[in-house]
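Enquirer: If you scroll down you'll find the structure; I have some questions about it.
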Amino acid sequence: MAVKASPRFIRLCNQFSSILGATEHEITKGPVCFVTRNRRVNASILGRRTTSPLVRYQLFSFESLDSSGRALCLGETALFQNQVNRLLSNLRKNGITVTAVHNHWLFENPRLMYIHWESIDNPVAFARKVKRSIAFLG
């Protein structure tokens, strides 16, 4: 079943996805533009190498687009513990609110942390800010 979205929303979602270097994107009910980006993360959990999407995907979305072109924009990524402060600083410098910093796993090596962030912004502007903020993660 196709999700109803305006041509403007579809164009914005395509642009948002492209700026972020998405692996894939989709428009889900809402409509919500949901974007994933696949990263290489060299880590193990419980002594086993992991390439799970739960570790390597970065997730981004926007929804609730208003008439002025602003939307609820969200993001999340896994990263190594020694990268946390740099990403926090980068996001904050770009006016993006960090909402959570936490771990998901026990006995992983190296230590993996997860950061979540949010903003009410133009989705294209948000994507550009996030792209600058996460560029050092590769």
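Values quoted throughout were computed directly from the atomic coordinates according to the rules given, and no laboratory measurement underlies them. This is a predicted model, so every value here is computed, not measured. Quick reminder, even Gly has a Cβ in these numbers, built from the backbone with ideal geometry, and neighbours come from all protein chains shown.
Enquirer: With a 10 Å Cβ neighbour count serving as the proxy for reagent exposure, in which order, fewest first, do 61, 6, 67, 44 appear?
Expert: On the way: 61 21, 6 10, 67 5, 44 14.
Listing 61, 6, 67, 44 from fewest to most nearby Cβ atoms yields 67, 6, 44, 61.
Enquirer: Given the rule -39500 (n - 2.57) for each run of at least 4 DSSP H residues, summed and divided by the residues of the chain, what is its mean residue ellipticity at 222 nm, to the nearest 500 deg cm²/dmol? Please report the intermediate quantities before stating the final value.
Expert: Details: 4 runs with 39 residues, N = 138.
The helix-only estimate for the chain comes to -8000 deg cm²/dmol at 222 nm.
Enquirer: Quick one: putting +1 on the C-beta of Lys and Arg, -1 on the C-beta of Asp and Glu, what dipole do you get for the chain around its Cα centre, in Debye to the nearest 20? Could the numbers behind the result be given before it?
Expert: Working: 19 positive and 8 negative charges, 86 e Å.
The dipole of the chain has a size of about 420 debye.
Enquirer: I'd like the chymotrypsin sites (Phe, Trp or Tyr not before Pro) in the range 27-124 restricted to DSSP loop residues with at most 13 other Cβ atoms within 10 Å, sorted by number.
Expert: When the chymotrypsin sites (Phe, Trp or Tyr not before Pro) of the range 27-124 are filtered for loop state and at most 13 Cβ neighbours within 10 Å, 107 remain.
Enquirer: Modelling each spin label as a point 7 Å along the Cα-to-Cβ direction, I'd like the residue 109/residue 67 distance in nm, to one decimal.
Expert: 5.9 nm
Enquirer: Using 0.36 nm times the number of residues separating residue 88 and residue 128, minus their current alpha carbon distance, what extension gain do you get? Numbers along the way, then the final one.
Expert: Values: separation 40, 0.36 × 40 = 14.40 nm, distance 1.61 nm.
Contour length minus Cα-Cα distance gives 12.8 nm.
Enquirer: Between residue 136 and residue 100, what is the label-to-label distance in nm when each label sits 7 Å out along the Cα-to-Cβ direction?
Expert: About 2.4 nm, to one decimal.
Enquirer: On to the next question. Arrange the following residues from fewest to most other Cβ atoms within 10 Å of their Cβ: 26, 118. Can you show the working numbers first?
Expert: Working: 26 14, 118 17.
Least to most surrounded, the residues fall as 26, 118.
Enquirer: Further question on the same structure: For the chain, list the cysteines whose Cβ sits under 4.7 Å from no other cysteine Cβ?
Expert: So far as the 4.7 Å Cβ criterion goes, 73 stand without a partner in the chain.
Enquirer: In whole angstrom, note down how far apart the Cα centers of the range 84-119 and the range 4-32 are.
Expert: The range 84-119 and the range 4-32 have Cα centres separated by 24 Å.
Enquirer: Another question, then. May I ask you to list the lysines whose Cα is less than 16 Å away from that of residue 93, ignoring any residue fewer than eight positions away on the same chain?
Expert: 129, 131
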